[in-house]
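Reading through the structure tokens given below for one structure.
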Amino acid sequence: MPSEINNLSKLCIHTITTKPWQLEVAVEKYAKAGVKGITVWRDALEGRDIYKSGRIIRSAGLEVVSLCRGGFFPSASAEKRQLAIDDNLKAIDEAAAIGAPLVVLVCGAEPAQPLEKSRSQIKEGIAKVLPQAQKCGVKLAIEPLHPMYADDRSAVNTIKQANDMAEEINSEYVGVAVDVYHLWWDPDLEKEIYRCGENGKLFAFHVCDWKTPTTDLLLDRGLMGEGCINVPQIREWVEKTGFNGFNEVEIFSNKYWGMGQDEFLNKIIQAYLKHT
Ligand code: ZN
């Protein structure tokens, strides 16, 4: 069993998980509950001084684990591809400003073109923003998304594809984010997690659960233990590679956003301790 199973030292929560809370409230509540890490979604920074937000997080004793999210590189329009590059450069600058060592990439897909073409545009996009990432000391994690999102959210749908792409790009600044929601079904998951870890490319680990039935394919994620994903097993594989980072709770859920967030935070912590 992972040694930290009974404590919160590796627990990180994504701000979007408790979306009804403003950033400052989330920081205060997480810290008080003993959560140690926070992944900041860019919408939580809107209208805020980013440096100051970083200071607020650190002075509460939380570590900024990553900034979510960059990506969305592919488009049939060259102009839109350039806009995506610009936005990713901005995301890298924001990550540096808030003190996040990593930007997670939801790579994107263009339904009007073949997936292969979208993938080559993703690779091109990453290559174009890589110098800025290196300059800022901010790493980039390719997050493979479940194939149900292959039309317009990500043309990278398996950990193997993400590993292939990260290896082709061949930079210590480009790796992979493993999210159990997207990858749990993959018969090659264990093997590809080891491959990712051995290459030093396992940059992030996201947890939640897959509910049956799932009533909304985007906004009905479950708490760990509530669905069919063997989260402790996947965590074990991840940690076997030497991964020593946070377990990041990332839940988009209309159901949970609709309840009192104090109660939800308590449920997250219980689910983390028992089922992660
Ligand atoms: Zn994720």
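Annotations
- Among the residues of the range 226-258, those that are closer than 19 Å to I193 by Cα and more than 16 Å from the ligand (Cβ to nearest atom) comprise N230, P232, Q233, E236, W237, E239, K240, T241, G242, N244.
- Checked against the criterion of being farther than 20 Å from L265 by Cα and within 16 Å of the ligand (Cβ to nearest atom), the candidates G71, G37, G47, G54 yield just one match: G71.
- In the range 219-236, the residues that are without any contact (Cβ under 8 Å) to a residue 40 or more places away in the chain reach residues that are part of a helix (DSSP H, G or I) with C-beta atoms within less than 6 angstrom, at least six apart or across chains, in these pairs: L219/N254.
- Test: E24 is at pLDDT below 95, within 21 Å of the chain's Cα centre (by Cα) and of a type in the set (D, E, K, R): no
- Residue match in the range 172-182 (condition: farther than 17 Å from L218 by Cβ, without any contact (Cβ under 8 Å) to a residue 60 or more places away in the chain and over 17 Å from the mean Cα position of the chain (by Cα)): yes
- Checked against the criterion of being in a helix (DSSP H, G or I), surrounded by fewer than 18 Cβ atoms within 10 Å (Cβ to Cβ), over 19 Å from the mean Cα position of the chain (by Cα) and not acidic (D, E), the range 59-66 has at least one qualifying residue.
- Residues (within 30 Å of L115 (Cα to Cα) and either part of a strand (DSSP E or B) or at pLDDT below 95 (or both)) located in the range 27-58: T39, V40, W41
- Residue among A78, A91, A133, A127 that is open to solvent by 50 Å² or more (accessible area, probe 1.4 Å), among the aliphatic types (A, V, I, L, M) and under 16 Å from V174 (Cα atoms): A127
- A26 satisfies every condition listed in (1) in contact with a strand residue (DSSP E or B) (Cβ under 6 Å, 6 or more places away or on another chain); (2) of a type outside the set (F, W, Y); (3) open to solvent by less than 40 Å² (accessible area, probe 1.4 Å) except (1).
- Residues in the range 107-118 that are touching a residue at least 40 places away in the same chain (Cβ under 8 Å) and either touching a helix residue (DSSP H, G or I) at 6+ places or on another chain (Cβ under 7 Å) or of a type in the set (G, A, S) (or both): C107, G108, A109, E110, S118.
- When G34 is tested against the conditions (1) in contact (Cβ under 8 Å) with a residue 60 or more places away in the chain; (2) open to solvent by less than 10 Å² (accessible area, probe 1.4 Å); (3) touching a Leu at 6+ places or on another chain (Cβ under 7 Å), the lone failure is (2).
- Positions within the range 67-118 being among the β-branched types (V, I, T) and part of a strand (DSSP E or B), in sequence order: V103, V104, V106
- Looking across the range 243-276 at every residue that is assigned to a loop (DSSP other than H, G, I, E, B) and within 19 Å of the chain's Cα centre (by Cα), the one that is surrounded by the fewest Cβ atoms within 10 Å (Cβ to Cβ) is identified as N244.
The values are calculated or read from the model by the stated rules, or taken from the named source; none is laboratory data. Model, not experiment: these values are computed from the prediction. Here Cβ is always computed from backbone atoms with ideal geometry, including for glycine, and neighbour counts include all displayed protein chains. For accessibility, only protein heavy atoms count, side chains too; no ligands or nucleic acids. Shrake-Rupley method; radii C 1.70, N 1.55, O 1.52, S 1.80 Å.
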